[in-house]
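Taking it in order: structure first as structure tokens, then the write-up.
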Amino acid sequence: MRTKAKTAKSDERIAARLPAAGVAPSEAQRRYLARGLTEPGGKLPLFDESGREIPRRTIEICIAHGWAEAWIRNPVRPDWLVCRLTVEGFLALGKAPPISEASGQH
């Protein structure tokens, strides 16, 4: 059971990591990030729903804003950026991050 002090501390850590006011993902970035909401660990896709590769620039911008982070290196295709949602990514989409993400555990 979480105490009020632990909850407040967790909320402070999350608030400290919020993106700057007014910075929001573009529609393409939102579509990319939203795909991680239903995947284990918040894994983000390499390809869109039509089978086209997600533009590298979209991925890089999401990483630069802290909404995504590089996660796994693909030894077969090292040029692919396999990423997952961060706490900031969940918050940018208006969703609460999973407890393990919010507490900083990976």
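The values are calculated or read from the model by the stated rules, or taken from the named source; none is laboratory data. Bear in mind the structure is a predicted one, so any value in this text is a computation, not a measurement. Reconstructed Cβ throughout: ideal geometry from the backbone, glycine too, with neighbour counts over all protein chains shown.
Take the conditions at pLDDT 95 or above, outside any loop (DSSP other than H, G, I, E, B) and at negative phi and apply them to ALA28. Does it pass? For ALA28, the condition - at pLDDT 95 or above, outside any loop (DSSP other than H, G, I, E, B) and at negative phi - is met.
If you go through segment 51-85 and pick out every residue that is over 17 Å from GLU27 (Cβ atoms) and either in a loop (DSSP other than H, G, I, E, B) or among the β-branched types (Val, Ile, Thr) (or both), you end up with 14. Against the conditions (1) out of contact with any Pro (no Cβ under 7 Å at 6 or more places or on another chain); (2) among the charged types (D, E, K, R); (3) at pLDDT 85 or above, LYS9 satisfies every one except (3). Scanning segment 29-59 for residues that are closer than 14 Å to LEU81 by Cβ and acidic (Asp, Glu) returns a single hit, GLU53.
Scanning segment 41-68 for residues that are in contact with a Leu (Cβ under 9 Å, 6 or more places away or on another chain) and either surrounded by 18 or more Cβ atoms within 10 Å (Cβ to Cβ) or of a type in the set (Ser, Thr, Tyr) (or both) yields GLY42, LEU44, ILE54, ILE59, CYS62, TRP67, ALA68.
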